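Data first, discussion second: the structure below is written as structure tokens.
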Amino acid sequence: MKFSFERAGFGIRAIAGIVDWGIVIIPIGILIYMFTGETNLSWTQGLVFTVPYSIYKTVTPVYWSGQLIGKKIVGIKVTKIDGSKLTLYDMFIREIIGIVVLGFLTFGLSTIVSGFMVLLREDKRAIHDLLASTFVKREKI
């Protein structure tokens, strides 16, 4: 099947994710270390990482035309299948329900399955993309 946009594959999406993770998580880790002097994290401190990162990944694409900093750097963006503008609801379903909640409930199995879906499916859509009716496309640079 021929798509009207070039779909972003696993590698480029992974690179964008690593960049975003570093931009948000590393500074939070440094702040925690500065205030506590500890490098070991309890589960409650882990929430200090998860909550801001999840908010960043949910809210930012709504206002930045489907992009986070990592996606912008590598030239990809989240897009609705029907071409309409992303909403906060779309991103909540995609990021919070499709990644965080589903990942937690399946002990990470859904994350592994999603990775294989992006690798193997012609449309390069993961579980969270299917739930939110989105896909990730390459931008023309």
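The values are calculated or read from the model by the stated rules, or taken from the named source; none is laboratory data. On a predicted model such as this, the values are computed, not experimentally measured, just so you know. Positions of Cβ are generated from backbone atoms using ideal geometry, with glycine treated the same way; all protein chains shown enter the neighbour counts. SASA here: full protein model, heavy atoms, side chains in, ligands and nucleic acids out. Shrake-Rupley method; radii C 1.70, N 1.55, O 1.52, S 1.80 Å.
Of note:
- Checking each residue in the range 55-73 for being open to solvent by 40 Å² or more (accessible area, probe 1.4 Å) and of a type in the set (A, V, I, L, M, F, W, C) picks out I55, V59, W64, I69, I73.
- The set of residues from the range 74-85 being surrounded by 12 or more Cβ atoms within 10 Å (Cβ to Cβ) and either of a type in the set (K, R) or part of a loop (DSSP other than H, G, I, E, B) (or both) comprises G75, K77, K80, I81.
- Within the range 14-34, residues that are under 19 Å from G115 (Cβ atoms) reach partners that are open to solvent by 60 Å² or more (accessible area, probe 1.4 Å) with beta carbons closer than 8 Å, at six or more positions or on different chains, in the pairs A16/I73; V19/I73.
- When each of V51, V118, V24, V136 is tested for being modelled with pLDDT under 95 and within 20 Å of R13 (Cβ to Cβ), the lone residue that passes is V24.
- Of residues in the range 53-73 being of a type in the set (G, A, S) and part of a loop (DSSP other than H, G, I, E, B), the one farthest from V136 (Cα to Cα): S65
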